[in-house]
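Contents: one structure, followed by commentary.
The values are calculated or read from the model by the stated rules, or taken from the named source; none is laboratory data. All of these numbers come straight from a predicted model, not from anything done at the bench. All Cβ positions, even for glycine, are placed from backbone atoms using ideal geometry, and neighbour counts span all protein chains on display. The accessibility values were calculated without ligands, DNA or RNA, using every heavy atom of the protein model including side chains. Shrake-Rupley method; radii C 1.70, N 1.55, O 1.52, S 1.80 Å.
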Amino acid sequence: MRIGIVCYPTFGGSGVLATELGKALAEKDHQVHFITYQQPVRLGAFTPNLFYHEVQVPTYPLFDYPPYETALASTMVDVIKNNNLDLLHVHYAIPHASAAYMAKQILKKEGKDIPVITTLHGTDITLVGRDKTYAPVVTFSINESDAITAVSNNLRDETFKHFKITKEIEVIYNFVDVQRFRKKPFDAFRKVIAPNGERILLHASNFRKLKRVQDVVKIFANVIKTIPSKLLFVGDGPERATAEALCRELSLCDHIQFVGKQEQMEDILAIADLFLLTSEYESFGLAALEAMAAGVPVISTNAGGLPEINIEGNTGYMGNVGDVEEMSSKALKIISDHETLLGFKKRAADHAKQFDIHNIVPEYEKLYERFL
Ligand code: GMT
């Protein structure tokens, strides 16, 4: 098949998932064309069957806001026509689904019917998409897609709750390449972070408000009172400064490191003992799934789709949003005792296998085949 993939090229979960999907499809001999404004961060080195088309957005003194969506739709038309694509798969509704609708209409006039599949990822529905500034266009373009998928049952339900959707939404869970995340810890790296054998706690995100990163610091402050430990923050974003300020306020700077955006998550996860995800909402929580695949148990909130991947008392534990005390005591339950920790690590790794790339990518292929 010849497939166009449209996504955000950044470190966000939707872009990561879309990129990994494209790479997996290319390995299975499909021809994959990424259409984005920048090379996706996880795309890596050149691979046969993988193509990248950059969306150029010319500026003009008249434009306070250069019309990205128009440039995107035009690039879609160009790439679909010149590469004779069979279908277009857009990740994250805004503005990808509406640009795809526009491209589809243009191509229809020229006699080509291009099926459009829209995958909903989370904030395109629960936060940004619901804003009345965007909602009419989001609703319309989702309904005009030939197929709609959501990354969890929770996101599917949220979409029906907040938008007048007239079509079926199919749930295709996010996936992880289990093989890639099953890495042996690099001892020298572990020693640098935790020189005295301390437990290593980890949080990775884009530090948006909704991640509640201050709760991560507060949980760590409770944990370190009982268990010698270190906390690693991976990623960057608007709330990083607030989290750093809280570390200083609580005199925890010697035990917490902010390492910024990192591409080799598997190497970092390999040395971690516990992953913390304190979000107010996660449609799925791909970062938590990657942690589990690396054998790292998860303490998370029970918001959104997180209970669909983090199994209470099995792969980790959950707490209500903001309930720092509950999440702290559950964190201690996991890491206080070596045998208990090993049990959680093993079960987390085993559970992640059901979301393995080899199980989920065929679901997308089956969906695509329906439109050929
Ligand atoms: O969580 C973010 O801030 C990034 C966001 C995105 O759109 O890139 O992630 C969303 O999509 C991921 C991949 O499907 C999910 O794993 C995340 O849970 C979801 N984020 C939210 O729902 C907040």
Residue pairs, from the table Lys28/Lys109; Lys183/Lys346; Lys28/Lys366; Lys167/Lys366, whose Cα atoms sit over 24 Å apart: Lys28/Lys109
Assign one of three labels to region 178-354, namely rounded, prolate or oblate, based on the Cα gyration tensor with a ≥ b ≥ c the square roots of its eigenvalues; rounded applies when a/c is under 1.5, prolate when it is not and a/b is larger than b/c, and oblate otherwise. rounded
Residue-by-residue Karplus 3J(HN,Hα) for region 205-222, coefficients 6.51, -1.76, 1.60, Hz, glycine and proline x: 6, 9, 6, 7, 3, 5, 7, 6, 5, 4, 5, 5, 5, 5, 4, 4, 4, 6
With the 8 Å Cα cutoff and a minimum separation of six or more residues, the chain has a relative contact order in percent of 13
Could you tell me which residue out of Ser205, Leu17, Tyr65 lies farthest along the dipole of the chain toward its positive end? Charges go on the beta carbon: Lys and Arg +1, Asp and Glu -1, centred on the Cα centre. Ser205
Calculated FRET efficiency for the pair Thr47/Asp337, C-beta based, R₀ 30 Å, to 0.05: 0.10
Inter-site label distance for Lys161 and Asn222 at 7 Å from Cα along Cβ, in nm: 2.5
Mean-square fluctuation check for the chain, GNM, Cα pairs under 10 Å: which of Ala288, Ala204, Ala221 is largest? Ala221
Principal axes first, then extents: for the Cα atoms of the chain, list largest minus smallest coordinate on each axis, whole Å, largest first. 68, 43, 37
Segments 183-192, 38-47, 1-10, 118-127 sorted - mean Cβ within 10 Å per residue, highest first: 118-127, 1-10, 38-47, 183-192
Subtracting the Cα-Cα distance of Glu326 and Lys353 from 0.36 nm times their residue separation yields 6.9 nm
In a Gaussian network model of the chain with springs linking alpha carbons closer than 10 Å, the residue among Tyr65, Tyr101, Tyr37 that fluctuates most is Tyr65
For Gln262 and Glu110 in the same chain, what is the full-extension length gain: residue separation times 0.36 nm, less their Cα-Cα distance, in nm? 50.3 nm
Checking Met327, Met318, Met102 against a Gaussian network model of the chain (alpha-carbon springs below 10 Å), the top fluctuating residue turns out to be Met102
Probe of 1.4 angstrom, ligands and nucleic acids ignored: what's the accessible area per residue over the chain, in square angstrom? 43
Please compute the contact order of region 178-354 in relative form: average sequence separation of alpha-carbon pairs under 8 Å and at least six residues apart, divided by the residue count, as a percent. 24
Please sort 252-262, 345-355, 292-302 by packing, taking for each peptide the average over its residues of neighbouring beta carbons within 10 angstrom, highest first. 292-302, 345-355, 252-262
Please report, in debye to the nearest 20, how large the charge dipole of the chain is about its Cα centre when each Lys and Arg carries +1 at its beta carbon and each Asp and Glu carries -1 there. 180
Give me the dipole magnitude in Debye, nearest 20, for region 265-372 about the Cα centre, with unit charges on the beta carbon: positive for Lys and Arg, negative for Asp and Glu. 220
I'd like the carbon and sulfur percentage of the solvent accessible area for region 178-354, probe radius 1.4 Å, heavy atoms only, ligands and nucleic acids excluded. 51
Relative contact order [Cα under 8 Å, 6+ residues apart], region 1-136, whole percent: 23
Considering the dipole of the chain built from charges on the beta carbon (Lys and Arg +1, Asp and Glu -1) around the Cα centre, which of Gln354, Asn143, Ile271 is farthest to its positive end? Ile271
Any idea what the dipole of region 178-354 comes to, in debye rounded to 20, about its Cα centre with Lys/Arg Cβ at +1 and Asp/Glu Cβ at -1? 360
Please work out how much accessible surface Ser329 shows to a 1.4 Å probe, ignoring ligands, DNA and RNA, in Å² rounded to 10. 70
Sort Arg130, Arg156, Arg208 by heavy-atom solvent-accessible area, probe 1.4 angstrom, most to least. Arg130, Arg208, Arg156
Using the Cα centre of the chain as origin and beta-carbon charges of +1 (Lys, Arg) and -1 (Asp, Glu), tell me which of Ser74, Phe46, Val259 is placed farthest towards the positive end of the dipole. Val259
Out-of-range pairs (alpha-carbon distance over 30 Å; input Lys184/Lys333; Lys164/Lys353; Lys164/Lys330): Lys164/Lys353; Lys164/Lys330
By how many nm would the segment from Glu312 to Lys184 grow when fully extended, if each residue of separation counts as 0.36 nm and the alpha-carbon distance is taken off? 43.5 nm
